[in-house]
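Enquirer: Before I ask anything, here is the structure I am working with.
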Amino acid sequence: MYDTHLKQKDQFHSDFLVIGSGLAGLYAALYASKFGKVAILTKSTLEESNSYWAQGGIAAAIDPEDSPLFHLEDTIKAGRGICNNEAVEILVKEGKDRVTDLIALGMKFDSSEKGLELGLEGGHTKRRVLHAGGSSTGKEMVRFLISSVKANSNISIFENATVSRLVSDGKRCFGALVFKENLYEQMAFLSKSTVLAAGGASGIYVRTTNPPGAVGEGIALAYRAGAEVTDMEFIQFHPTALYIEGRESFLISEAVRGEGAFLLNHSGKRFMLDYHELAELAPRDVVSRAIFNEMKKSCENYVLLTLKHLDADFVKKRFSNIYNACLKYGIDITKDFVPVSPAAHYTIGGVKTGLMAETNVKWLFACGEVAWTGVHGANRLASNSLLECIVFAKRAVDGAIESDGEVCKPENSVEVTPDLVLSSPSSQKELFFKLKTTTSQLMTEYVGIVRNKKGLKKALRELEKISASVNELSGYYRLKLQNMIEVSSLIAKSALLREESRGAHIREDFPNEDPRWKAHIVWKENSKPLVVRV
């Protein structure tokens, strides 16, 4: 019989446990290493994260003609009335300091003889978006931090480590149980404080700019550990992802429109002028909805982005990775129309946190896309995500230091859930991917950019049917599917409850904002949803 208790040899102890290797996780690990021993877990490699693929940049009011106040106003306006203003104030004020810290550490952002090059993106009234490597900002920032993390003797790195559950009694968190590389044995990582930085859930959808593994596992783990989860209906779709039939989406950065690119419908009309005074630089929810409408009118799967009127040499230099990626499909963005359509991009909701990134579960903190800090409201302002990562990663560690948690003592054993270890997962891979694909198609069709009551109810019924098939799986794949269905259901149930259109949540049967829904929807396992008015 399988021994469901892990003894001391299968335990790793640290002062801080960081789950996730995006910008938030790396920054948290590096900062925490000043105060103790750190273990950082990633389910793939350090390089594979949403942060790594972030193109646009990081927004910070560092220009003398800009100010944190202007940045705050733009953020709150994009958030459609439900931002946590105190959290936004922290973001814009401390964000400026965190970016300055990175530069002092040696992070190189693009600059000219005039100084740092600052880009303009949708929803911003000032040029305040720093970029690195043209449109490879996330990659350059992650690379920079990885080199520092790898060189730090106080940080232990564990790659290909999938968390099966958080070690929690519903009130306190002591660490996490993790699958070993063989996928059916586990070990425990026990820590005084756990920082969850596991990324978002937009990989649930068929068209997405996220890596395929970004299906909200961190949110599901925290939810089952007793953490509150908030505003899951707000899934931000990036307006302009390259559309090639049968191929994966590739993000065409918002910075392209910031430098003057236009959107055209299939009649050649620049349609954004009809939707918003800022045209192509309107907030993302406005642009995505406009593109959706134009595609519906033309019965086409995409609209057209044009950069033909821009200087070709500038485009090739500023957007070198986009230029080269499109060339692989025979598209020269300096000469040809670029087919684009929206793709799921960012999870605005997530694990509910306070101003120190703390959750309602003691010694569990969350930062980055997995977290709901309140800064984004109903619609994230472009390039605020990388800023949120570093600001609240530092706050998570500061909060952990103040909380002075406890580690499970070595003589105590940690129990493993039997149905996650009894079977080898290899024989179940095909069924898992079949059910995962069905779930993605369901979410895309009924819980996508535009929703309605009938479609959302159908999605929930079908998710229940898929959930029944979970029993045909065990071990690693059972857990993966359970997590995906859990998060998909939270998104669909939240979208059904919110009977209005606000920011990234669009209901065609409730097309306007409703002041009664100036509120947040909060979920906790085995409890009814709580609607908290702003």
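Enquirer: Could you rank the peptides 336-342, 279-285 by their average count of other C-beta atoms within 10 Å per residue, with the highest value first?
Expert: 279-285, 336-342
Enquirer: At a 10 angstrom cut-off on C-beta neighbours, averaged per residue, how do the peptides 384-397, 476-489 rank from highest to lowest?
Expert: 384-397, 476-489
Enquirer: List the trypsin sites (Lys or Arg not before Pro) within region 16-121 that fall in a DSSP loop (any state other than H, G, I, E or B) and whose Cβ has at most 13 other Cβ atoms within 10 Å. Don't jump to the answer; show the numbers that get you there.
Expert: Working: sites: Lys34, Lys37, Lys43, Lys77, Arg80, Lys93, Lys96, Arg98, Lys108, Lys114; in loops: Lys34, Lys37, Lys43, Arg80, Lys108, Lys114.
For trypsin sites (Lys or Arg not before Pro) across region 16-121 that sit outside H, G, I, E and B with at most 13 neighbouring Cβ atoms in 10 Å, the list reads Lys34, Lys108, Lys114.
Enquirer: Using θ = phi - 60° and the Karplus form 6.51 cos²θ - 1.76 cosθ + 1.60, what ³J(HN,Hα) does each residue of region 521-529 get, whole Hz, x for Gly and Pro?
Expert: 9, 10, 10, 9, 4, 6, 9, 6, x
Enquirer: Another one. Just flag the trypsin sites (Lys or Arg not before Pro) in region 183-261 sitting in loop per DSSP whose Cβ has no more than 16 other Cβ atoms within 10 Å. Don't skip to the end; give the middle numbers.
Expert: Working: sites: Lys192, Arg207, Arg224, Arg247, Arg257; in loops: Arg207, Arg247.
When the trypsin sites (Lys or Arg not before Pro) of region 183-261 are filtered for loop state and at most 16 Cβ neighbours within 10 Å, Arg247 remain.
Enquirer: While we're looking at this one, here's another question. Considering only DSSP beta bridges where both residues belong to region 434-534, give the percentage that are antiparallel (nearest 5).
Expert: Restricted to region 434-534, the bridges split so that about 75 percent are antiparallel.
Enquirer: Restrict the search to region 64-165; then list the GluC sites (Glu not before Pro) that DSSP places in a loop and that have at most 13 other Cβ atoms within 10 Å of their Cβ.
Expert: Of the GluC sites (Glu not before Pro), the ones in loops of region 64-165 whose Cβ has at most 13 other Cβ atoms within 10 Å are Glu65, Glu113.
Enquirer: Using a simple charge model, +1 on the beta-carbon of Lys and Arg, -1 on the beta-carbon of Asp and Glu, nothing else, what dipole does the chain show about its Cα centre, in debye to the nearest 20?
Expert: Details: 66 positive and 65 negative charges, 161 e Å.
Value, rounded to 20: 780 debye.
Enquirer: Right, something else. Step through the residues of region 81-91 one at a time and calculate ³J(HN,Hα) from phi using the Karplus curve (6.51 cos²θ - 1.76 cosθ + 1.60, θ = phi - 60°), rounding each to whole Hz and writing x for Gly and Pro.
Expert: With coefficients 6.51, -1.76 and 1.60, one gets x, 10, 6, 7, 4, 5, 5, 5, 4, 4, 4 Hz.
Enquirer: A further question on this structure: Under 8 Å for C-alpha pairs, at least 6 residues apart: give me the relative contact order for the chain, rounded to a whole percent.
Expert: 22
Enquirer: Ordered by packing density, taken as the mean number of other Cβ atoms within 10 Å over each peptide's residues, highest first, how do 367-377, 146-156 rank?
Expert: Sorting 367-377, 146-156 by mean packing, highest first, produces 367-377, 146-156.
Enquirer: Moving on to the next point. Check which residues have an amide H placed less than 5 Å from Lys362's amide H, if you skip close sequence neighbours.
Expert: Close amide H contacts, sequence-distant or interchain: Arg172, Cys173.
Enquirer: From the square roots a ≥ b ≥ c of the eigenvalues of the alpha-carbon gyration tensor of region 37-176, which class results: rounded (a/c under 1.5), prolate (a/b over b/c), or oblate?
Expert: oblate
Enquirer: Give the long-range amide H neighbours of Phe250: residues separated by 5 or more places, or on another chain, with amide H under 5 Å away, using H modelled in the peptide plane at 1.01 Å from N.
Expert: So Phe250 has HN proximity to Leu242.
Enquirer: Using r as the Cβ-Cβ distance of Arg143 and Ser298, and R0 as 45 Å, what FRET efficiency do you calculate, to the nearest 0.05?
Expert: About 0.65, to the nearest 0.05.
Enquirer: Amide H to amide H, which residues 5 or more places from Arg502 or on other chains are under 5 Å from it, using H placed in the peptide plane?
Expert: Here the answer is Arg507, since their amide H atoms fall under 5 Å of that of Arg502.
Enquirer: Related question: Please turn the phi angles of region 443-450 into ³J(HN,Hα) values with the Karplus equation 6.51 cos²θ - 1.76 cosθ + 1.60 (θ = phi - 60°), one per residue in order, whole Hz, x for glycine and proline.
Expert: Once θ is set to phi - 60°, the couplings for region 443-450 become 5, 5, 6, 10, 10, x, 4, 10 Hz.
Enquirer: Report for the chain the percent antiparallel among DSSP-assigned beta bridges with both residues inside it, nearest 5.
Expert: Numbers: 44 of 69 bridges.
In the chain, approximately 65 percent of DSSP beta bridges are antiparallel ones.
Enquirer: What number, rounded to the nearest 500 deg cm²/dmol, is the helix-based mean residue ellipticity at 222 nm of the chain, given -39500 (n - 2.57) per DSSP H run of at least four residues and division by all its residues?
Expert: When only DSSP H runs of four or more count, the value is -10500 deg cm²/dmol.
Every read-out reported here was derived from the displayed coordinates using simple, explicitly stated rules and does not represent laboratory data. None of these values were measured; they are calculated from a predicted model. Every residue, glycine as well, gets a Cβ built from its backbone with ideal geometry; the counts of neighbours run over all protein chains shown.
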